[in-house]
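Below is one structure, written out as structure tokens, with a few remarks after it.
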Amino acid sequence: MNSQHLHYLKAMDIDVWVRKDRPQQDAPLVAVDHQVAVVAQPNDTALQLPPGLSWDQLANTVRHCVHCELHQTRKQTVFGVGNLRAEWMIIGEAPGADEDLQGEPFVGRAGQLLNAMLQAMGFPREQVYIANLLKCRTPHNRDPKPDEVARCASYLTRQIEMINPRIILCLGGIAAQNLLNTDSAIGQLRGHVHFLGEKRRPVVVTYHPAHLLRSPSDKTKAWQDLQLALATYAQTEPKPA
């Protein structure tokens with residue numbers, strides 16, 4: 001493990017213990033336990049997007065969306081941010097108060113921790129693409145309603161298709177359950193590699209940074225998840241230049 005990784009692990013408040021009876025490694029070997037998941041297809045309540053939308057057209061559609069009641073309470077939509085050719089896609093649950101004000105995902109304290117997590121893996125925020133399950137804040141940050149998730153699903157599905165990431169890092173139980181179409185708790189979803197849709201994009205699930213701020217004892221588990229994601233990413237085919 002190099003000094004840069006140690007620096008960012010320290011930023012995550014993770015104590016690092018290194019065995020002295022074997023060489024240090026930048027990328028620890030992680031056993032990959034593969035599980036298969038099929039992305040939930042948009043149902044009758046989902047917005048049916050026309051084919052061939054450009055990225056700007058998709059963003060504009062989200063910006064003016066009134067497809068569910070959340071448009072009545074949001075300040076603005078939060079489409080996503082990052083590198084449109086990213087190999088890593090980070091998917092969270094929904095915007096919070098800071099995100100609703102600034103129009104960008106993960107900009108508060110949870111965003112600062114996410115930045116540290118990404119840096120610890122060697123992928124600065126500018127190199128990845130970050131989006132949420134929902135594009136609007138829920139009132140008082142309540143859990144999304146099933147119909148809100150369903151009505152917003154087409155946007156995220158199209159973003160995933162257009163970014164075409166090599167790997168998806170899913171943050172939090174609600175985002176993971178909806179993305180992977182499962183009722184399993186996050187404790188069951190962590191530690192496995194899931195595959196999304198016909199293209200079998202690998203998905204690794206970890207805790208939401210907001211949870212880690214409330215429960216810092218889980219940061220070590222989150223680092224184990226990031227190691228699994230790194231090991232899985234190393235096994236994927238590079239994107240075409």
key: Residues with amide H under 5 Å from that of VAL193, placed H, sequence gap 5 or more   = ASP33, HIS34, GLN35
Estimated FRET transfer efficiency when R0 is 35 angstrom, pair ALA59-SER217 (beta carbons, to 0.05) = 0.35
remark   = Which residues qualify? For ASN132, with a placed amide H closer than 5 Å and at least 5 residues away or on another chain, they are GLY92
ask   = Where both residues lie in region 135-212, what percent of DSSP beta bridges are antiparallel, nearest 5?
value = 50 percent
message = Multiplying the sequence separation of HIS71 and GLN188 by 0.36 nm and subtracting their Cα-Cα distance, what value in nm do you get?
response = 38.8 nm
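A short reminder: the numbers here are calculations on the coordinates, not readings from a lab. Not measured: the values here are computed from a predicted model. Methodologically, a virtual Cβ is constructed for each residue, glycine included, from the backbone with ideal geometry; neighbour enumeration extends over all protein chains shown.
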